[in-house]
Amino acid sequence: MTTINSELIIDGSLLRENISYLKNKIQNKSKFMAVIKSDAYGHNIKKVVKDVDDLVDGYGVVRMEEAKKIRTLSNKKVLLMQGIYSKDEFLESKKNDLDIVIHNYDQFNIVKDSDNFENMWFKVNTGMNRLGFEINDFFKIYELSLKNKKFTLMSHLAASNEKDEISNRNQFEIFESLSKKINQSVIKSIANTGCVMNFPDHLYDWVRCGIGIYGGYFKDEKIRTAMTLRSPIVNIRNIKKNDRVGYDGRAVAEKNMTIATVYLGYADGLPLNIKDGTPVMINNQVGKVFGRVSMDLTTIDISDIESCAEGDWCNFFSKDLPVSEIAKSNDLISYYFMTNIKSRVKKIYKRID
Ligand SMILES: *Cc1c(COP(=O)(O)O)cnc(C)c1O
């Protein structure tokens, strides 16, 4: 091995498979927006657009710069989900043929004299209490200014991953009853990945999927993690019962053990608090994190691995070890791992076998 480098391998064919799987769930009843905010959840916007453009009907992002970048790569719909915050930004959004979200009166005031609302998505608060008009406030605007207009009505679910969470029913009810009160040509959108998976009867006209595309949705094995985070083993040692490993001696050996060290640490984006016992994969066998993550290094219990050597790859997540595993083991979410990998990790775009 010449240079030690951790790698993040991104496989566009897995993104395509995940999208096809999600689209199959919606059975062409809704249009499919690929949510690619935050550099496509860390997968690189440019590569993702090139890989999936023929499969999707549009894209959702949060920052103007990202929206403009997509516009140079695709003619599909691009929704700037944070919306616009000044007249200049509004003009910029028009120049780039962007759709925009309107969350509140301030944003509405910037756009209210438009002759056309077709590229505007009015967001209403159905219970998330983060962004969006209160229902009554929106209805007033509707009566005054939007009654005969074409536009999109949107909302966002707070707990779509939890099928039995009562808040979903409440949010659907509020959204549905507002939908019934406004003109029927209004386009509607509430579903993210969790909604597509758990509430297929509530998909409306546009679904907005992020995490499922990247394979971070953890309740369906058909959706596969499209990123592989891996780092080579640089050292293997045997330790004795009661020896301690790493900073603060957090991990104490209960028996004689074999410990591998890999060059991936919190400066690469691995959270500091990764717990002992978190599974990783080496040569298709399971090892376990043992000892606190350092800036550049992590130590792995490989006592139960039959054969491995310095230079072998240690996978922290991959298509065979869902990112949701490391997330679940550490009370975090897949989104966090995907968007947290630092530039020091070498990004490689290729099909992984
Ligand atoms: C991020 C985001 C989504 C995508 O959600 P996933 O859970 O990743 O599918 C959808 N809609 C909005 C408004 C978002 O901000």
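The values are calculated or read from the model by the stated rules, or taken from the named source; none is laboratory data. Owing to the predicted nature of the structure, the values given are computational and were not obtained by experimental measurement. So basically every Cβ, Gly included, is an ideal-geometry build from the backbone, and we count neighbours across all protein chains shown. To get the accessible areas, we keep the full protein, side chains included, count just its heavy atoms, and leave off ligands, DNA and RNA. Shrake-Rupley method; radii C 1.70, N 1.55, O 1.52, S 1.80 Å.
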Handout entry: Label-point separation, ASN242 to TYR21 (7 Å along Cα→Cβ), nm
Key = 4.9 nm
Handout entry: Approximate spin-label separation ILE135-VAL234, in nm, with each point projected 7 Å along Cα-to-Cβ
Key = 5.7 nm
Problem - Relative contact order, percent, the chain [alpha-carbon distance under 8 Å, six or more residues apart] - result: 19 percent
Practice task
Among DSSP beta bridges whose residues both lie in the chain, state the antiparallel percentage, nearest 5.
Solution key: 50 percent
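Dipole size in debye (nearest 20) for region 60-180 around its Cα centre, Lys and Arg Cβ +1, Asp and Glu Cβ -1?
Numbers: 19 positive and 19 negative charges, 76 e Å.
Value, rounded to 20: 360 debye.
Probe radius 1.4 Å, ligands and nucleic acids left out: which of CYS314, CYS308 has the largest accessible area, and how do the rest follow? Before the final figure, lay out each step's value.
Details: CYS314 0, CYS308 40 Å².
Order by accessible area, largest first: CYS308, CYS314.
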Exercise for the section: Please give the direction-averaged projected area of the C-alpha convex hull for region 89-189, in square nanometres with one decimal. Expected result: 6.7 nm²
Problem - Accessible solvent surface per residue of the chain, calculated while the other protein chains remain in place, 1.4 angstrom probe, Å² - result: 48 Å²
Exercise for the section: Just the number, please: carbon plus sulfur as a percent of the accessible area of the chain, 1.4 Å probe, no ligands or DNA/RNA counted. Expected result: 45 percent
Exercise for the section: Could you tell me which of ASN136, THR126, VAL61 has its Cα farthest along the dipole of region 12-214 towards the positive end, charges placed at Cβ (Lys, Arg +1; Asp, Glu -1), taken about the Cα centre? Expected result: VAL61
Practice task
Pick out, from GLN27, HIS103, MET197, the residue whose Cα sits farthest towards the positive end of the charge dipole of region 12-214, with +1 on the Cβ of Lys and Arg and -1 on the Cβ of Asp and Glu.
Solution key: GLN27
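Just the number: Rg to Rh for the chain, Cα atoms, Kirkwood Rh, two decimals. Can you show the working numbers first?
Numbers: Rg = 23.3 Å, Rh = 22.1 Å.
Checking Rg against Rh, the ratio lands at 1.05.
On average over all directions, what projected area in square nanometres does region 12-214 have, based on the convex hull of its Cα atoms?
Over all viewing directions, region 12-214 projects a mean Cα-hull area of 10.5 nm².
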Practice task
For region 133-266, report the convex hull volume of the alpha-carbon atoms normalised per residue, in Å³, without decimals.
Solution key: 200 Å³
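With a cut-off of 8 Å between alpha carbons and a minimum separation of six or more residues, what is the relative contact order of region 135-274 in percent?
Values: 168 pairs, mean separation 20.6, N = 140.
The value is 15 percent.
To the nearest 20 debye, what is the magnitude of the charge dipole of region 12-214 about its Cα centre, counting +1 on the Cβ of each Lys and Arg and -1 on the Cβ of each Asp and Glu? Let's see the in-between values first.
Numbers: 31 positive and 27 negative charges, 75 e Å.
Charge dipole, region 12-214, about its Cα centre: 360 debye, nearest 20.
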